[in-house]
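Novice: A single structure is presented below for examination.
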Amino acid sequence: MAIEDTRFLALESENLSNQDQNNPGEESNVLREDRKDKLAALREKGLDPYPHTYERSHELAEIKTRYEDEVDTGEETDDLVKVAGRIVGFRDMGKACFLDLKDGTGELQGYTNVDLLGEDGYETLTELDIGDFVGLEGIVFATNRGELSVKVNSFQLLSKSLRPLPEKWHGLQDVEKRYRQRYLDLIANEESKNTFVARSKLISSFRRQLDDMDFLEVETPLMQPAAGGATAEPFVTHHNALDQDLYLRIAPELYLKRLIIGGMEKVYELGKNFRNEGVSTKHNPEFTTIEIYQAYADYEDAMELTEQLIVNSARESIGTVQPELEEGQLDLTPPWNRVSMVSAVENRTDISDLRNKSVQELTEFAESRNLELPESEDEPVWGDFVELLFEKYIEEELFQPTFITDFPTDISPLAKTKRNGEGDLTERFEVFVAGIEVGNAFTELNDPLEQRERFRKQVEKEEKKKDEEFLKALEYGMPPTAGIGIGLDRLLMALTGADSIRDVILFPAMRRKE
């Protein structure tokens, strides 16, 4: 007899229509109690609803790859398989049923009937719920509609689900619930799952590329006695045994430079940084970066390496260097645009001879455009206004990958000044992709006396504590060095067109629910 999938739906969520739709919490509690009753009934039958293991012969994607083009409509094979996964669809036709099974690789249909399982077995199967995990054993065949399936002759409940899943066919649309209950988001939204698969591949690609270039992956402290390496508000904690305050790192830079000083000429660290600042679509207080340092290199070398790493990681994580985003097609094909920050601001604002403009002149220009610097007790410097104008008029327009180079010295305390004697500018760049700043790099300042003076000015301005240990290490001599920092969360945002950094972090920071 040819088996035809009649494709009618019996999802548990449809049963909610018989209950008060204005009380979803009450509905959920009713369903949970119903499932607990089913759990008790299973145990009374002597069945273990939470067995220790199940030996699969195939993942679901393997079945499709192996058989999809070999089994004709209505044809059965002689191949017995054992598969397992979560039930995400169920169609009961009285004496026969179809169920949709989902594992980490994909979905596959199962079919069975009373003759195959017997009365008791069939009754037990049809009393299972959407969300339960089961193991199915049977032969591979194709239905009368040509859908590859497993004809089930035995099954085993692997985990009883006590809460109903989001409605499968519409996904989980509640954005806050997607972030707070990421496991439901991954079950209901294939796009979300694909994003985090891409994230894993992105990270693996960076590691593999750098390892192949003989960079050493290292680890530096997450708790540091001085918060350095970037300008940001740190998280503060206290170590009881040492009786001293420590800071969750805002960047690993100063420790990685110590390793360069110590003779480890090519190093990188991939890990978490922490900044005790606002949460926004581009900011999470805990975020992932990779920092890379190479002796005897400069920011030109850093640009080439950044380009190479991002292009290859995009190809390996999302499968293309020309992704289609909502704003248009992004093209990561090298070489990327290179524009100095000063030139970019001059071209966009019609301010001529920007480098000779005084702080007062730039203050008046900003006020005429209703632009305000972030609140601070410190007097603004020239670089603050250049950065303000850049962020206001240029940053979000940089859709195609672009290096913005030569930042003002007074906002770049760790970067070496330009080698042509332009002391007001540094050999520093930021890289922008899809309007998002994803990386920052310098030719590193290695003059210990100049670095001490820069820190002195920064400490006066920001009331920060100097990292004396780093300054001491620098006095032993650091070779010419290029350093790169790439924000992997933001890079994934740019490559996938995500609207928020929360879409690319599995468990983003959320305000506590009362």
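The values are calculated or read from the model by the stated rules, or taken from the named source; none is laboratory data. Bear in mind that the values here come from a model prediction, so they are computed numbers and not experimental data. Because the Cβ atoms are built from the backbone with ideal geometry, glycine has one as well, and the counts that use them run over all protein chains shown.
Novice: Please work out which residue is surrounded by the fewest Cβ atoms within 10 Å (Cβ to Cβ), limiting yourself to the range 139-157 and to residues that are among the small types (Gly, Ala, Ser) and in a strand (DSSP E or B). Steps first, answer last, please.
Specialist: Filtering the range 139-157 for residues among the small types (Gly, Ala, Ser) gives 142, 146, 149, 154.
Now restrict to residues that are in a strand (DSSP E or B): 142, 149, 154.
Working: Ala142: 21, Ser149: 27, Ser154: 14.
Checked the range 139-157; the qualifying residue surrounded by the fewest Cβ atoms within 10 Å (Cβ to Cβ) is Ser154.
Novice: Out of the residues in the range 319-368 that are touching a Lys or Arg at 6+ places or on another chain (Cβ under 8 Å) and within 25 Å of Glu300 (Cα to Cα), state the one that is surrounded by the most Cβ atoms within 10 Å (Cβ to Cβ).
Specialist: Val342
Novice: Go through (1) farther than 17 Å from Met478 by Cβ; (2) free of Cβ contacts under 8 Å to residues at least 12 places away in the same chain and name the single condition Gly271 misses.
Specialist: (2)
Novice: Would you check which residues across the range 71-86 are surrounded by 15 or more Cβ atoms within 10 Å (Cβ to Cβ) and either among the small types (Gly, Ala, Ser) or assigned to a loop (DSSP other than H, G, I, E, B) (or both) and list them?
Specialist: Of everything in the range 71-86, those that are surrounded by 15 or more Cβ atoms within 10 Å (Cβ to Cβ) and either among the small types (Gly, Ala, Ser) or assigned to a loop (DSSP other than H, G, I, E, B) (or both) turn out to be Val71, Gly74, Ala84, Gly85.
Matching residues to (1) crowded, with 20+ Cβ neighbours inside 10 Å; (2) not assigned by TED's automatic domain parsing to the domain that holds Leu330:
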residue	(1), (2)
Val438	yes, no
Pro448	no, no
Glu468	no, no
Leu474	yes, no
Arg511	no, yes
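Novice: Would a scan of the range 106-127 turn up a residue that is touching a residue at least 40 places away in the same chain (Cβ under 8 Å) and assigned to a helix (DSSP H, G or I)? If you could, list the steps in order and put the result at the bottom.
Specialist: Going through the range 106-127, the residues touching a residue at least 40 places away in the same chain (Cβ under 8 Å) turn out to be 106-112, 124, 127.
With the extra rule that they be assigned to a helix (DSSP H, G or I), the set shrinks to 124.
Scanning the range 106-127, I find at least one residue that is touching a residue at least 40 places away in the same chain (Cβ under 8 Å) and assigned to a helix (DSSP H, G or I), so the answer is yes.
Novice: Could I ask something else about it? Taking the condition of being buried (at least 17 other Cβ atoms within 10 Å of the Cβ) and in contact with a Lys or Arg (Cβ under 6 Å, 6 or more places away or on another chain), how many residues in the range 191-225 meet it?
Specialist: Counting residues in the range 191-225 that are buried (at least 17 other Cβ atoms within 10 Å of the Cβ) and in contact with a Lys or Arg (Cβ under 6 Å, 6 or more places away or on another chain) gives 2.
Novice: Taking the range 145-177 as the search range and keeping residues that are touching a helix residue (DSSP H, G or I) at 6+ places or on another chain (Cβ under 9 Å), basic (Lys, Arg) and at pLDDT 90 or above, which one is nearest to Glu76 (Cα to Cα)?
Specialist: Lys151
Novice: List, please: which pairs have Cβ atoms under 8 Å, are six or more places apart or on different chains, and start with a residue in the range 193-214 that is closer than 17 Å to Tyr179 by Cα and end with one that is in a helix (DSSP H, G or I)?
Specialist: So the pair list comes out as Lys193/Leu186; Thr195/Leu492; Thr195/Thr496; Thr195/Asp503; Phe196/Leu186; Arg199/Ser317; Arg199/Leu488; Arg199/Leu492.
Novice: I'd like the full set of residues that are more than 19 Å from Gly146 (Cβ to Cβ) and either modelled with pLDDT of 95 or more or in contact with a Lys or Arg (Cβ under 7 Å, 6 or more places away or on another chain) (or both), limited to the range 79-94.
Specialist: Selection gives Leu80, Lys82, Val83, Ala84, Gly85, Arg86, Ile87, Val88.
Novice: Can you tell me which residue within the range 397-437, out of those that are of a type in the set (S, T, N, Q) and without any contact (Cβ under 8 Å) to a residue 40 or more places away in the chain, is nearest to Pro480 (Cα to Cα)? Let's see the steps before the verdict.
Specialist: Going residue by residue through the range 397-437, those that are of a type in the set (S, T, N, Q) are 400, 402, 405, 409, 412, 417, 420, 426.
Those still in the list that are without any contact (Cβ under 8 Å) to a residue 40 or more places away in the chain too: 409, 412, 417, 420, 426.
On the way: Thr409: 18, Ser412: 17, Thr417: 13, Asn420: 16, Thr426: 14 Å.
If we take residues in the range 397-437 being of a type in the set (S, T, N, Q) and without any contact (Cβ under 8 Å) to a residue 40 or more places away in the chain, then Thr417 is nearest to Pro480 (Cα to Cα).
Rundown of residues vs (1) free of Cβ contacts under 8 Å to residues at least 12 places away in the same chain; (2) in the same structural domain as Asn440 (by TED's automatic domain parsing), yes/no style:
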residue	(1), (2)
Gly263	yes, yes
Thr281	no, yes
Ile290	no, yes
Gln294	no, yes
Leu305	no, yes
Gly319	yes, yes
Glu324	yes, yes
Gln329	yes, yes
Glu346	yes, no
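Novice: Taking the range 108-134 on its own, how many of its residues are touching a strand residue (DSSP E or B) at 6+ places or on another chain (Cβ under 6 Å), of a type outside the set (A, V, I, L, M) and either under 20 Å from Arg56 (Cα atoms) or surrounded by 20 or more Cβ atoms within 10 Å (Cβ to Cβ) (or both)?
Specialist: The qualifying residues number 6.
Novice: Within the range 38-69, which residues are at pLDDT 95 or above, outside any helix (DSSP H, G or I) and farther than 20 Å from Ser154 by Cβ?
Specialist: Of everything in the range 38-69, nothing turns out to be at pLDDT 95 or above, outside any helix (DSSP H, G or I) and farther than 20 Å from Ser154 by Cβ.
Novice: Same structure again: Here are Leu388, Leu373, Leu474, Leu449: which of them is without any contact (Cβ under 8 Å) to a residue 60 or more places away in the chain and either hydroxyl-bearing (Ser, Thr, Tyr) or over 20 Å from Glu233 (Cα atoms) (or both)?
Specialist: Exactly one of Leu388, Leu373, Leu474, Leu449 is without any contact (Cβ under 8 Å) to a residue 60 or more places away in the chain and either hydroxyl-bearing (Ser, Thr, Tyr) or over 20 Å from Glu233 (Cα atoms) (or both), namely Leu449.
Novice: If Leu246 meets every condition in (1) touching a His at 6+ places or on another chain (Cβ under 6 Å); (2) part of a loop (DSSP other than H, G, I, E, B); (3) not charged (D, E, K, R) apart from one, which number is that one?
Specialist: Going through the list (1) touching a His at 6+ places or on another chain (Cβ under 6 Å); (2) part of a loop (DSSP other than H, G, I, E, B); (3) not charged (D, E, K, R), Leu246 breaks only (2).
Novice: So if I check each of Leu254, Leu248, which one is more than 23 Å from Gly497 (Cα to Cα) and without any contact (Cβ under 8 Å) to a residue 40 or more places away in the chain? Walk me through it before giving the result.
Specialist: Details: Leu254 fails: without any contact (Cβ under 8 Å) to a residue 40 or more places away in the chain.
Of Leu254, Leu248, the one residue that is more than 23 Å from Gly497 (Cα to Cα) and without any contact (Cβ under 8 Å) to a residue 40 or more places away in the chain is Leu248.
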